[in-house]
Amino acid sequence: MPKVSVVITCYNYGKYLDDCLRSVLGQTFKDIEIIVIDDGSSDNTEEVMRTYVQNPLISYVKQENKGQAVAKNVGVRLSRGEFVAFLDADDRWCVEKLEKQMVCFDNERTGVVYCRARYIDENNDSFDYEMTGTYLQPRRGAVTKWLLFDNFVQFSSSIVRKACFERFGGFNESLKMGIDWDLWLRISTAYEFDYVDDRLFYYRMGHSGQMSKNQEERQRCSDRIMVNFLGAYPGLLSTWTIRKAYAVTYCNRGEYYRSIDRKKSSWYFIDAIGQNPAEVAAYKGLVKNLLTACGRGVS
């Protein structure tokens, strides 16, 4: 049995798939199997996979398009390893990624290990980008209260102990987005998280088809995830933590909508104050909106 099962899901990312697979096959950690789930691609994905089907390390499954959660769950069910590493077909790994991360699982309490990212565009050109903000910084240990604020575990960086799926099930197939955040929250209630403070994978940003562009759908899914999680684990987090998390969420949305719908932006800042009257960012957001409405603008 392989130690690590690498699950790659692909939907019309054939042009990136070869680089993705090469980055896995070139890993310094060799005890792996690779499971590629083609979620109904209509591009050249199947053609790319023909060059790999004879490789004994690789299994290829083509299915009708059923969405990313279903595709990832199929990969997990087919996996034979003690650990499952995830990689989206438009991303790729650095050669030492698995080797550096797997040592973190020497701690049996660790359920998820992740790392930092390098960033590339659709043409494979690198560019500088940093996940900023207090709640997007990597955390280790018991991370539930931090995860409630934001998802700081980038999906293609993650390796998960297979026992986590046996205990908490797979990805929520009723969600279109945020399926990894939903899973991380559940796992965090019983397992510790760890990370390697190194940029061990390439995350592709800005290309067509990237789901993270759909901000409104992401917000709807985010609301469902928070409500479902807090309902399933009452009393796990303090009332202050929950209200603070909602306030931060509403402030983020207020900032997002400022240039799109100032009235909606202001209502989000007001909602943030309702959750946490001491949320300074919400008051600042309202003042910026007011000054913008008066034509003065702010820097």
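Since every read-out is calculated from the coordinates, none of them should be taken as a lab result. Please read all numbers here as calculations on a predicted model, not as lab measurements. As a convention, Cβ positions derive from the backbone with ideal geometry for all residues, glycine included, and neighbour counts pool all protein chains shown.
General observations
- Potential extension, THR292-THR51 segment - 0.36 nm per residue separation minus Cα distance: 81.1 nm
- For the chain, the mean residue ellipticity at 222 nm estimated from helices alone is -12500 deg cm²/dmol, where every DSSP H run of n ≥ 4 contributes -39500 (n - 2.57) and the total is divided by all residues, rounded to the nearest 500.
- Summing charges over neighbours of ALA278, with a neighbour being any other residue whose Cβ is under 12 Å away from its Cβ, gives +1 when K and R count +1 and D and E count -1.
- Neighbours of LYS66, meaning other residues whose beta-carbon lies under 10 angstrom from its beta-carbon, give a summed charge of -3 when Lys and Arg score +1 and Asp and Glu score -1.
- What the Cβ-Cβ distance of PHE168 and GLU99 gives, at R0 = 25 Å and to the nearest 0.05, is a FRET efficiency of 0.40.
- Rel. contact order, % - alpha carbon contacts under 8 angstrom, at least six apart, the chain: 17 percent
- For LYS62, LYS263, the sequence from fewest to most other C-beta atoms within 10 Å is LYS263, LYS62.
- For LYS3, LYS264, LYS72, order by how many other beta-carbon atoms lie within 10 Å, fewest first: LYS264, LYS3, LYS72
- Ellipsoid fit via the Cα gyration tensor, the chain: semi-axes of 36, 22, 17 Å, each the root of five times an eigenvalue, largest first.
- Rounded FRET efficiency, nearest 0.05, which uses the C-beta distance separating VAL227 from ARG22 and R0 of 30 Å: 0.15
- Fraction of the pair-distance distribution of region 238-293 above 16 Å, Cα-Cα pairs, percent: 31 percent
- At R0 = 25 Å, FRET efficiency that the Cβ-Cβ distance of GLU122 and GLU82 yields, to 0.05: 0.10
- Neighbour-count ranking [beta-carbon atoms within 10 angstrom, fewest first] of SER265, SER23, SER188: SER23, SER265, SER188
- Evaluated over region 165-299, the count of Lys pairs having alpha-carbon atoms less than 19 Å apart is 6 (only pairs 8 or more residues apart or interchain).
- Cross-link partners of LYS30 among aspartates and glutamates (Cα-Cα below 16 Å; sequence separation of 8 or more within a chain): GLU82, GLU96, GLU99
- Sites excluded, GluC sites (Glu not before Pro) in DSSP loops with at most 10 other C-beta within 10 Å, longest stretch of the chain: 131-299
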